[in-house]
Every structure is written in C-alpha cells, then in structure tokens.
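Structure, as structure tokens:
None of the figures in this text is laboratory data; all of them are computed from the coordinates on show. None of these values were measured; they are calculated from a predicted model. For neighbour counting, all protein chains shown are included, and Cβ atoms are generated from backbone atoms with ideal geometry for every residue, glycine included.
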Amino acid sequence: MTAPLFKGVITALITPLRDGKVDVAAFTRLLERQIAGGVHGVVPMGTTGESASLTADEHKQVVELCVSVAAGRVRVIAGAGSSATDKAIELARFAKTVGADGALVVTPYYNRPSQAGLAAHFEAIAEAVQLPVLLYNVPGRTGVDINNETVAKLAAHPNIVGIKDATGDLSRVSWMRTHIDGQFDLISGDDPSYLGYHAQGGVGVISVTSNV
C-alpha cells in the first residue's frame, strides 16, 4: 500500500471578514499561525470557511490567497463543492489553476440525489480536472449520505483519493479499510470521534478545533 496523499492534522480554515469583505491580513496571520503550529495541511473554503455565504469571486480570492501564502509549506485542499456539478467543476478547475494540492468536494446539498446521482456527480468532477479529489460526506448538513458501497465504487477512480467522513459513524472507517483495495485516504471530519476513527484505520482529521 502506498503512503497517504493527505494525512495528519488538516485545519478547516475560518474566513475572517471585516466590513463585509475578506480580511486578507487576518487570514494571512491565521494561516501563518497554523503552519508555525505544525499542521500538515489546510482547507480554505470548506464549510467552516463560509463557503455557502461568500460570492464566487470571494471564494476564488480566498483559495488563491491560501495557496500563495502557504507557498508549498503545507498541502492546500481547496473547497470545491456545489449543488451544481458544473459549478463544482469550475471551482475544482480554478483550484488546479492556482496550484492547490487537491479539492474537497461535498455532496450536492439540498438536492438529495440518489446514490447513482452522487456517483455521477463525483465522477464528472474527477474526469474534468486532473486534481486529487477528496469526497466530503456530511449528511447532517447536506441532507444526503454517500453510502459505503458508493464510496467503494468511487474509490476505483484514480483521481478520487479519499474521503472526509463527518458522519461520526465509526463503523464506516473499518468497513472502508476492509473493502477498498489500494490506498484511499480515510480522513475524519468529526473532531469528537477522531481518536476512535484513527484507531480503526483513519489517517488524519480535517479539524475545526485546530483553528484555535
């Protein structure tokens, strides 16, 4: 088995705002503090980064700023999720253009597609962009859950390299470790259950708590 592409502590960065705009100086200080603290990677424009609230231009501004400031010192996994497949592809392509190391792609929120629809959504993104894709499963926020069998099917795609599992269901990580061949990065997206997730085969955590 090859080494994980994404592992360790990865901070889901907040996006500081001031006077209705992205606070570039505060974001830069936060990112430098994270790097100095020893994190292994960062996620700009995930759920914690207000991705659902900012404009498309602000989204791209934050991703580009993050890649520029990180300057290769830690991995940058850019949030690139959307309910619309074409929009998610656009965000993933932008992340690739500015030099991000990967894209974090959440399930299409509100639409609640079938498992076949979920597979088609993620496969379309993975086919459109030569960039490592992390699936992001957070049914408590999106209203839709990627089941284990669909994850295993998607894991066969060379550009889909892992999952951020924010379900809090520890039975999933052991199932995936057993049923998915080859390297597939199993990353917790749930701070309280991370220790148990790691014990059963997880390789990292995309953490909100690590902001502080």
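Some points to look at:
- A Förster distance of 30 Å, applied to the separation of the beta-carbon atoms of Ala25 and Arg112, puts the FRET efficiency at 0.15.
- Here Lys164 is the anchor, and the lysines within straight C-alpha reach of less than 25 Å, apart from those fewer than 8 places off in the same chain, are Lys7, Lys60, Lys87, Lys96, Lys153.
- Gaussian network model of the chain, Cα within-10 Å springs - most flexible of Leu154, Leu134, Leu195: Leu195
- Antiparallel bridges, percent of DSSP beta bridges restricted to segment 7-148 (to nearest 5): 15
- Surrounding net charge for Met45, when Lys and Arg each add one and Asp and Glu each subtract one, Cβ distance under 10 Å: -1
- In a fully extended conformation the segment linking Asp181 and Leu195 would gain 2.7 nm over its present Cα-Cα distance, using 0.36 nm per residue.
- Computed over neighbours whose Cβ is under 11 Å from that of Phe6, the net charge equals +1, Lys and Arg +1, Asp and Glu -1.
- Positive-end extreme of charge dipole, segment 150-193 - chosen from Ser188, Ala166, Ala155 (charges on Cβ): Ala155
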